[in-house]
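What follows is one structure encoded as structure tokens, with my remarks underneath.
The values are calculated or read from the model by the stated rules, or taken from the named source; none is laboratory data. The shown structure was predicted, so the numbers you read here are calculated from the model rather than taken from an experiment. For neighbour counting, all protein chains shown are included, and Cβ atoms are generated from backbone atoms with ideal geometry for every residue, glycine included. Ligands, DNA and RNA are stripped out before the accessible areas are found, and what is left, the full protein with its side chains, is counted by its heavy atoms. Shrake-Rupley method; radii C 1.70, N 1.55, O 1.52, S 1.80 Å.
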Amino acid sequence: MDVSILIARALHIGLGVFWAGAMIFVATFLLPSIQEAGPDGAKVTAGLARRRFIDIMPVVALVTVVSGFYLYWKSSTGLSPEYMGSRTGMAIGLGSVTALLALALGLATVRPSMKRAMELAQAAGAAAESREAILAEAQASRAKAAGAAKVVAWLLAATTIAMAVARYL
């Protein structure tokens, strides 16, 4: 029994479920609800900031991806062409690509947009005369994050499906 594979599988599957589930929830329910709340949505984003959501999610995603690559390396015996060309290998490869795209989009767009929205929401609390303009800019940042989060959610759904069926192809 290879303990490293057991640990990698536990991390990959457990954190992968959390990453995909959280992003699907965020994109489908949370961010649209925050958008509908208008300026009051800043209170929810402030709560997420206090709980360090935008700091935790990239770590979860990175550990998921790294543990997944380790498992892919091990199961393909060093990325052997025979395995990579098999249906299982191609399905896992496709899932890997969609996960990497989700990670890249999350790090390049979702996280910075949400971080900016949170910073603006905090600044709006201290501002008197420009409060409305700051809150409007925060709302625009949340809208940008919401759009990108939808794409991330779809990519992670595709990743999950590819990984779930790969073994049976």
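Observations, loosely collected:
- Of all residues in segment 1-28 being among the β-branched types (Val, Ile, Thr) and open to solvent by 50 Å² or more (accessible area, probe 1.4 Å), the one that is nearest to the chain's Cα centre (by Cα): Ile24
- The single residue among Thr98, Thr45, Thr88, Thr64 that is closer than 24 Å to Gln122 by Cβ, touching a residue at least 24 places away in the same chain (Cβ under 8 Å) and either open to solvent by less than 80 Å² (accessible area, probe 1.4 Å) or in a helix (DSSP H, G or I) (or both) turns out to be Thr45.
- Counted residues, segment 67-85 - those being outside any helix (DSSP H, G or I) and among the aliphatic types (A, V, I, L, M): 1
- Tally of residues being closer than 23 Å to Phe69 by Cα, part of a helix (DSSP H, G or I) and open to solvent by 40 Å² or more (accessible area, probe 1.4 Å) across segment 112-169: 10
- Number of the exception - Thr77 against (1) under 14 Å from Ala42 (Cα atoms); (2) hydroxyl-bearing (Ser, Thr, Tyr); (3) open to solvent by 80 Å² or more (accessible area, probe 1.4 Å): (1)
- Selection within segment 58-104: residues that are among the polar types (S, T, N, Q) and in contact with a helix residue (DSSP H, G or I) (Cβ under 6 Å, 6 or more places away or on another chain). The member of this set that is farthest from Thr159 (Cα to Cα) is Ser76.
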